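Taken together, the values in this text are just the output of simple stated rules run on the coordinates, not laboratory data. Everything quoted here is computed from the prediction, not taken from an experiment. Counting neighbours? That spans all protein chains shown, and the Cβs are built from the backbone with ideal geometry, glycine included.
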């Protein structure tokens, strides 16, 4: 459903969201800091977790913030044209982060952009996500497990909050996020996934 919004406008929102989402903050910030290509270290990912492996906590925090805000801004700008337009831009931003055209469609895993989009769509649902993530991170000390569990709960929370269209979008985003975390899931099942704060 387009919610009465014209298809050309939705395509523009999708494209605009994609371009915003494809900004590789991790790569840009580490290069400006003189640290070279972040893809050459650790997991090769452009996200905040891999940026943290440079030892620069400030850069990792800035990457996290940038990756979240690009999703938030995309949704808020497009939402001026209605809820469906905003959700479409959110989809575009998430896809842009996962598959940035500038980097050969090899992007991040999407957690920060997921929560950034969610903040703009529904702050109560974002708080549910944060509560689950923090709770599991404290108890289990697995960042990936925390993110996967929180993302799985998000569509349920949105549905309970009376946001069915948003729930459908975040079901799709959650499936993509789980797919990008396939290596982490394998390590979790094998008991070899690194814990938060674990060195080496």
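Numerical summary
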| quantity | calculated |
| --- | --- |
| All-pairs alpha carbon distance profile, the stretch 1-90, 5 Å steps from 0, percent | 3, 16, 22, 15, 12, 11, 10, 7, 4, 1 |
| Normalised contact order of the stretch 1-116, rounded percent, pairs of Cα under 8 Å and 6 or more residues apart | 36 |
| Rounded if a/c under 1.5, otherwise prolate or oblate - the stretch 68-118, Cα gyration tensor axes | prolate |
| Among 61, 157, 190, residue whose mean-square fluctuation peaks in a GNM of the chain (springs only between Cα atoms under 10 Å) | 190 |
| Most mobile of 89, 160, 147 in a GNM of the chain (Cα contacts under 10 Å) | 160 |
| Sorted by Cβ density within 10 Å, fewest first, the residues 54, 63 | 54, 63 |
| Rounded to 10°, Cα long-axis angle of helix 123-140 versus longest principal axis of the chain | 20 |
| Angle between the chain longest axis and helix 143-160 axis [Cα atoms, degrees, rounded to 10] | 20 |
| For semi-axes √(5λ) of the Cα gyration tensor in Å, calculated from these coordinates, the label among (1) 27, 21, 13; (2) 44, 22, 14; (3) 56, 18, 15 | (1) |
| Calculated over the stretch 16-65: convex hull of Cα atoms, volume per residue (Å³) | 67 |
| Nearest 10 degrees, 0 to 90: helix 83-98 Cα axis against the chain principal axis | 30 |
| Within a Gaussian network of the chain (alpha carbon springs, distance under 10 Å), most fluctuating of 42, 90, 104 | 104 |
